[in-house]
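First up is the structure itself, then whatever we jot down about it.
The values are calculated or read from the model by the stated rules, or taken from the named source; none is laboratory data. Owing to the predicted nature of the structure, the values given are computational and were not obtained by experimental measurement. Using ideal geometry, Cβ is built from the backbone for each residue, glycine included, and neighbour counts are taken over all protein chains shown. These accessible areas exclude ligands, DNA and RNA; they are computed on the full protein's heavy atoms, side chains included. Shrake-Rupley method; radii C 1.70, N 1.55, O 1.52, S 1.80 Å.
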Amino acid sequence: MDIHTKNVPAHPAHEHPDRARMLISCPDAPGIVAAVSKFLFEHGANIVQSDQYSMDPDGGMFFMRVEFDLPQLKDRLPQLEADFGAIASQFRMEWKISSVSRRKKLAIFVSKEDHCLVELLWQWQAGDLDADIALVVSNHLDMKDYVESFGIPYHHIPVTPDTKKEAEQRQLEVIGADIDVIILARYMQIISPTFIEHYRNRIINIHHSFLPAFVGGKPYAQAYKRGVKLIGATAHYVTEELDGGPIIEQDVERVSHRDDVPELKRIGRNIERVVLARAVKWHVEDRILVHENKTVVF
């Protein structure tokens with residue numbers, strides 16, 4: 001049997017229909033943790049995990065992530081959110097509450113290189129990526145048969161300098177209104193500011209970590225000529241500044257003079273796929289808070 005044929009990944013081993021996650025960012029002040037904990041206790045919730053971080057107790061920003069269980073969460077969540085508004089206003093919070101049982105919907109953009117896409121599909125199929133891959137968009141046909149073997153829709157939308165605006169409009173149409181995050185899995189096109197604005201802090205990109213040292217084409221050849229000893233990859237949210245958005249995850253591996261350009265590329269591909277998969281996993285698990293051009297990852 002072909003293991004790729006329309007397999008639907010299993011949900012995580014332990015379902016939590018009554019579990020929710022709360023993300024909070026606000027100016028630091030005394031009593032935030034106490035207020036949030038008291039609020040959840042008074043509404044009958046049980047906190048199962050809590051993380052917090054202060055950039056500077058004397059006037060800096062405060063970040064918090066809480067997981068909690070609340071019986072009949074689906075029915076009670078709207079009222080819980082309405083009631084939390086008073087605390088949010090008191091502490092000037094930016095916040096959201098998400099139900100763990102609602103699997104986020106992903107759109108993956110890819111060009112010709114397949115390693116990042118394949119890693120995400122493998123983790124999705126294995127049930128390690130707790131999300132739904134709704135569709136794949138590509139400016140090439142190379143990955144069409146492979147993606148469709150998973151039962152995932154594949155949209156081929158060619159892009160040229162003359163048709164870029166129309167292509168992006170078509171991409172927005174096929175994505176629709178319910179996609180939570182877009183993943184650029186080695187999608188070799190620059191995303192326009194107009195497109196970015198639709199998905200602020202919801203587009204994740206991956207690239208080699210030579211930047212800004214080796215800009216332009218053939219970065220591994222440039223790195224080989226310079227005799228680099230470390231290569232790596234960076235996953236980040238996409239902003240109008242090319243490859244300059246908030247960094248989510250990075251990793252590196254040591255290399256030596258014995259590694260030629262093909263070997264450097266092989267090592268680089270491996271790091272890229274792992275780093276991107278981590279970033280996507282953290283995003284779908286609501287572990288990332290963005291402040292200015294930095295991230296806090298719990």
Taking Cα pairs closer than 8 Å and at least 6 residues apart, the relative contact order of the chain in percent is 16 percent
What nm distance separates the two modelled labels at ASP83 and GLU148, each placed 7 Å from Cα along Cα→Cβ?
5.1 nm
Matching label, mean projected area of the Cα convex hull in nm² computed from the structure shown, candidates (i) 22.8; (ii) 18.2; (iii) 15.8
(ii)
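Using the heavy atoms of the protein chains alone and a 1.4 angstrom probe, what is the accessible area of segment 202-298 per residue in square angstrom? Intermediate values should be presented prior to the final figure.
Working: 4940 Å² over 97 residues.
Spelled out: the 1.4 Å probe surface of segment 202-298, per residue, equals 51 Å².
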Using a Gaussian network model of the chain with C-alpha springs under 10 Å, which one of ARG226, ARG170, ARG269 is most mobile by mean-square fluctuation?
ARG226
Just to be sure I understand: with springs between alpha-carbon atoms less than 10 Å apart, which residue in ARG19, ARG254, ARG287 has the highest mean-square fluctuation in the Gaussian network model of the chain?
ARG254
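What per residue convex hull volume, in Å³, comes out for segment 180-252 when only alpha-carbon positions are used? Mind showing how you got there, number by number?
Numbers: hull volume 6.2 nm³, N = 73.
Hull volume over Cα atoms, normalised by residue count, gives 84 Å³.
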P(r), alpha carbons of segment 81-195 - 5 Å bins starting at zero, rounded %:
2, 10, 19, 20, 15, 11, 8, 7, 5, 3, 0
Between the alpha-carbon centers of segment 117-153 and segment 216-283, tell me the distance in whole angstrom.
22 Å
Fraction of beta bridges assigned by DSSP in segment 50-139 that are antiparallel (%, nearest 5)
40 percent
Between GLU15 and SER37, what FRET efficiency comes out of the Förster formula 1/(1 + (r/R0)^6) with R0 = 22 Å and r the beta carbon distance, rounded to 0.05?
0.30
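Residue separation times 0.36 nm, minus the C-alpha to C-alpha distance between GLN90 and ALA177: what's the value? Don't jump to the answer; show the numbers that get you there.
Numbers: separation 87, 0.36 × 87 = 31.32 nm, distance 3.22 nm.
Working it through step by step, the gained length comes to 28.1 nm.
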Give me the percent of the accessible area of the chain that comes from carbon and sulfur atoms, probe 1.4 Å, all protein chains in place.
52 percent
Out of all DSSP beta bridges with both ends in the chain, state the antiparallel percent to the nearest 5.
70 percent
Modelling each spin label as a point 7 Å along the Cα-to-Cβ direction, I'd like the ASP51/GLN250 distance in nm, to one decimal.
1.9 nm
What share of all Cα pairs of segment 148-213, in percent, falls into each consecutive 10 Å distance bin?
16, 49, 29, 6, 0
Longest span of the chain, sites excluded, free of GluC sites (Glu not before Pro) in DSSP loop with at most 12 other C-beta atoms within 10 Å?
16-239
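For each pair in LYS74/LYS104; LYS104/LYS294; LYS96/LYS144; LYS144/LYS265, compute the distance between the two Cα atoms and list the pairs where it is over 27 Å.
Numbers: LYS74/LYS104 16 Å; LYS104/LYS294 23 Å; LYS96/LYS144 36 Å; LYS144/LYS265 24 Å.
Checking Cα-Cα distances, LYS96/LYS144 exceed 27 Å.
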